[in-house]
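Here's the structure, in structure tokens; my notes come after.
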Amino acid sequence: MTARTVVTGAAATMLAALVFVLGIALRPALVSESPAAPSLSAVEIGYLQDMIAHHQQAVTMAQSIDRDGMSVPIRGLSRQMVQEQSGEIGTMIGFLQMADQQIQSSSSMAWMHGRGHDHSSNDDHGMPGSATSDEVASLGSLGGTAAENQFLRLMQRHHYGGIAMTQDLLAYGPSDGPVVRLARTILAVQTRETGLIGSMLVVRGVTD
């Protein structure tokens, strides 16, 4: 074997390696392909879409009560809710975007099986526990203790509705997965906060 043969063979090997590397590098530009979107069940999609809207109303109510003249415990609770539910909204939007699904539902609450719950909706969308537009507006028009008590009553009912929605997902949706794990967290947080709100209402002597 001559030196020229060795050099030629080495050059061919290097050229083949270069073509292989370039092929990998250029493949995304030459072949239109994208990773498969994660699969979500119809129940998961409906839950995420409606819980986003449900959370958004809770954030609106909590922000409206966080103002001068309100007590420290109420403002602390409202800020906690805004932080928690805003983060969960972002997570839920991310799940839907990754699955190539719409953020807003075209048929609100169509996914939910257990519609016979006790904490029915008062809004125009049939969403459990949601406040009417007049009730949300009242948080801004009322002042002092009246506004605080109204906030606690509305948020307690709102949480009951969120709990019912989440329990329905856990009963009829997949047994595990990122959406289910998020739902379990939501259930735990809202159950704990519902107990806290109930205690605050008792201390205030609010029974209705």
From the list S175, S199, which one is in the same structural domain as I93 (by TED's automatic domain parsing), at pLDDT below 95 and of a type outside the set (A, V, I, L, M)?
S175
List the pairs whose first member sits in the range 88-111 and is over 20 Å from G162 (Cβ atoms), whose second member is of a type in the set (S, T, Y) and exposed (fewer than 14 other Cβ atoms within 10 Å of the Cβ), and whose Cβ atoms are under 8 Å apart, counting only residues at least 6 apart or on separate chains?
A99/S39
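The values are calculated or read from the model by the stated rules, or taken from the named source; none is laboratory data. Note that the coordinates shown come from a computational prediction; the quantities given were computed from them, not determined experimentally. Ideal geometry is used to build each Cβ from the backbone, glycine not excepted, and the neighbour counts take in all protein chains shown.
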